[in-house]
Amino acid sequence: MTQVALHSSVVGGSTASRVIACPASVALVNQMPPKPSSKYADEGTLLHDVMSDLLASDAKPQDFLGRKYQGIELTQDLIDDKILPALDALNQIDPDGEMELEVESRVSFGEALPDAFGSTDVIGRLDNRTIVLDWKFGDGVPVSAENNKQLLFYAAAARRTLATQWAFAHTDSLELIIVQPPHIRRWVTDFKTLDDFERELFKAVKLSSDADAPYQVGDHCRWCAGKPLCPLMTGAVERALKIKVEALPAQHIGHLLKQADLVENWITDLRALAFTMLENDAKIDGYKLVAKRGVRQWVDEEKAAQFLGEDFVVTTTALLSPAQAEKLLKKRKLELPADLVVSVSSGSTLAPESDPRPAVLNIGKQLNAALSKLK
């Protein structure tokens, strides 16, 4: 089963923290083009899918060896580093195997928040406790379970969803669990906390539709796709450009350094937005996409090996690179035949219009568009 990440255009589990902190971000994000997936996100989806299938069947991790999602393959290393530690974590949480649980349950707020829904990785009931568990397979930022808005969102939605209300029957506490192999992070709270979260969420969603919805800068900005349009972020950048760094008092530098990460993230997202727009043939004044520096490769390694001889073979299966070979040939006052080498760019990059390199042509997209009209 492939995990489908569908959430409301207003709020979902992964965006609840941002929406509560900055209701105005909703309108900004909805103006942005969809962000492409990444190999890290695709790997996470693959691992979530495997965990879901393992818990819903009698299968073993090895049964899924070689499974692929968007070109990402489940390898033995991923099983050893991610899947097995995640299963071990579940055994630590429920050593006697007594927990009633369901995987990949679709939950929503119904009419209270139309179209706000998500999918719980694991929802369960153990003794008198409701459990909401989320797998986090990324190696980057450690994710805390304490007051985790994503898990509170899933818990609140599950409590309102008929198919998952069984997990709340005869329980008097709520436990949120993050399993980020090899770590387990747990937080137990009461249902008043969940009530308070719901009120906070509903208030933020209502505010998000106001023309003067409030903005707020904070940690949530890191994952906000709307950063390039945010007036607080653009204002911070404009102020930074006017500051003479050498004239800054020492006591102000520490404060400004705390803002540096936000500004750097804003710049990264701005460039990513410009790249996406140009890839889709939008016009951006003063900028274009150009091919990255080409790296020379052998057109035919066998022919190159025949020309160069044994001195140029690194191993029994690999030649020196064209640049290395050319350097050795020059010492022997020989030239590298042009027909043995081709220069291949690794992709496109953003550049100002003044860059001497020609703009790339999206020939593939143009051809696909033309062919689609013929069908």
Residue-by-residue Karplus 3J(HN,Hα) for segment 135-150, coefficients 6.51, -1.76, 1.60, Hz, glycine and proline x: 7, 10, 9, x, 9, x, 6, x, 9, 8, 8, 5, 6, 5, 5, 5
Per-pair calculated FRET efficiency, R0 = 30 Å: SER209 and TYR40 via Cβ, rounded to 0.05: 0.35
Inter-site label distance for SER321 and LYS303 at 7 Å from Cα along Cβ, in nm: 2.3 nm
Whole-Hz ³J(HN,Hα) from phi, Karplus 6.51 cos²θ - 1.76 cosθ + 1.60, for segment 82-87, glycine and proline x: 10, 5, 5, x, 5, 5
Area of TYR154 that stays accessible when all protein chains are in place (1.4 Å probe, Å², to 10): 10 Å²
Amide hydrogen neighbours beyond the local backbone of LEU126, cut-off 5 Å, H modeled: ILE131
Charge context of GLU353, other residues only, Cβ under 10 angstrom, K/R +1, D/E -1: -1
Subset of LYS60/LYS136; LYS39/LYS303; LYS288/LYS327; LYS292/LYS331; LYS149/LYS203; LYS244/LYS292 violating a 26 Å alpha-carbon distance limit: LYS39/LYS303; LYS288/LYS327; LYS292/LYS331; LYS244/LYS292
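Pull out a ≥ b ≥ c, the square roots of the eigenvalues of the alpha-carbon gyration tensor of segment 74-232, then state rounded if a/c is under 1.5, prolate if not and a/b is larger than b/c, and oblate in the remaining case. Intermediate values should be presented prior to the final figure.
Numbers: a/c = 2.17, a/b = 1.30, b/c = 1.67.
Cα axes put segment 74-232 in the oblate bin.
Shape verdict for segment 1-93, please, from the Cα gyration tensor: rounded (a/c under 1.5), prolate (a/b greater than b/c) or oblate. Could the numbers behind the result be given before it?
Details: a/c = 2.87, a/b = 1.96, b/c = 1.47.
Verdict is prolate for segment 1-93.
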Sulfur and carbon atoms: percent of accessible area, segment 189-231 [1.4 Å]: 53 percent
Heavy-atom accessible surface of segment 1-113: percent carbon and sulfur, 1.4 Å: 48 percent
Distance in nm between pseudo-label sites at GLN216 and VAL342 (7 Å out along the Cβ direction from Cα): 5.5 nm
Ranked packing of 202-211, 16-25, 265-274, 101-110, most packed first, by mean Cβ within 10 Å: 16-25, 101-110, 265-274, 202-211
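Would you mind getting the accessible area per residue of segment 121-182, heavy atoms of the protein chains only, 1.4 Å probe, in Å²? Write out the running numbers ahead of the final one.
Details: 2290 Å² over 62 residues.
On a per-residue basis, 37 Å².
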For segment 184-238: rounded, prolate or oblate by the Cα gyration tensor [a/c cutoff 1.5]: oblate
11 Å cut-off, amide nitrogen to a point 7 angstrom out along TRP166 Cα→Cβ, residues in segment 94-121: 100-103
THR268-ASP355 pseudo-label distance in nm [points 7 Å out on the Cα-to-Cβ vector]: 2.0 nm
Net charge, MET99 excluded, C-beta distance under 10 Å - Lys, Arg +1, Asp, Glu -1: -3
Amide proton proximity set for VAL299, modelled H, under 5 Å, gap of 5+: VAL341, VAL342
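Calculate, in nm to one decimal, what ASP94 and ARG199 gain on full extension: separation in residues at 0.36 nm each, minus their alpha carbon distance.
Details: separation 105, 0.36 × 105 = 37.80 nm, distance 3.17 nm.
Taking ASP94 through ARG199 to full extension adds about 34.6 nm, to one decimal.
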Net +/- balance of residues flanking ALA213 in space, Cβ distance below 12 Å, scoring K and R +1, D and E -1: 0
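The values are calculated or read from the model by the stated rules, or taken from the named source; none is laboratory data. All values derive from a computational prediction rather than experimental measurement. Using ideal geometry, Cβ is built from the backbone for each residue, glycine included, and neighbour counts are taken over all protein chains shown. In case anyone asks, the SASA skips ligands and DNA or RNA and just uses the protein heavy atoms, side chains included. Shrake-Rupley method; radii C 1.70, N 1.55, O 1.52, S 1.80 Å.
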